[in-house]
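One structure is given here, and the rest of the page talks about it.
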Amino acid sequence: MVHAVTLAVIVLAAAPLALHVPLAVLAGILLFVAWNMGEWREFARLRHYSAHYRLLMLGTFFLTVVFDLTVAVQAGLVLACALFIRRMSELFRVEPVASGPSVLRFKLYGSLFFGAVAKIDTLVQAVENAPPAPVVVLDALQLVHLDTSGLDALRQLHKAVLQRGGTLRLENLQAQPREVLERSGFAAELAASSVPAGATV
């Protein structure tokens, strides 16, 4: 705010004096400011950053030079969101746990959101290849977040389990995933589909 007020005072009080400043001096000032805005030292340090960061920085810089800052900022935000979604989807994983032929156990890690729901397809395939009446147990202790797309993926898994005559159990749910399951009614669906007594849903 101090800078803005100072600049406003200078513009209002000293604007007529700008007529006496040579254009060559103004051009030199603009070149100096542009050079400093480039932050060229960051390019030398790019090798220390991830490929996502390098792509984001170089892409934004290129768009700023070729088009303008507005286009670069808009494209940079979209690219940053896409890279963030990709990164978060890579953090979600499903790990099988040793179990019997009719009991399938898996551990869920990370955030099950719209960018990671495709990884639930492996569970559906495992259910389809399992013997009849499988018991599928999902340990959700490390599942920190669940959105509506992830909920739909779990519903598809539940549907595949029911088609095989089996049951689906969710254990060790954290607060946020549990709230989503309860508000959506999916927890009641699991309870109504012959979940064994004492199971954590």
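The values are calculated or read from the model by the stated rules, or taken from the named source; none is laboratory data. Keep in mind it's a predicted model, so treat the numbers as computed, not measured. Cβ placement follows ideal geometry from the backbone for every residue including glycine, while neighbour counts extend to all protein chains displayed.
The table that follows gives values for the structure above.
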quantity	calculated
Only listed residue being surrounded by fewer than 18 Cβ atoms within 10 Å (Cβ to Cβ), in the same structural domain as PRO96 (by TED's automatic domain parsing) and touching a strand residue (DSSP E or B) at 6+ places or on another chain (Cβ under 6 Å), chosen from GLN163, GLN142, GLN125	GLN142
Top-ranked residue in the range 78-113 [being over 15 Å from PRO177 (Cβ atoms) and among the basic types (Lys, Arg); ranked as surrounded by the most Cβ atoms within 10 Å (Cβ to Cβ)]	ARG105
Of all residues in the range 1-55 being among the basic types (Lys, Arg) and either modelled with pLDDT under 80 or in a loop (DSSP other than H, G, I, E, B) (or both), the one that is nearest to MET88 (Cα to Cα)	ARG47
Matching entry among VAL124, VAL137 (being in a helix (DSSP H, G or I) and not charged (D, E, K, R))	VAL124
Residue in the range 10-25 that is surrounded by 10 or more Cβ atoms within 10 Å (Cβ to Cβ) and within 23 Å of ARG87 (Cα to Cα) present	no
VAL73 being among the β-branched types (Val, Ile, Thr), at pLDDT 85 or above and touching a strand residue (DSSP E or B) at 6+ places or on another chain (Cβ under 9 Å)	no
Filter result (in a strand (DSSP E or B) and within 27 Å of ARG54 (Cα to Cα)) within the range 79-109	ARG93
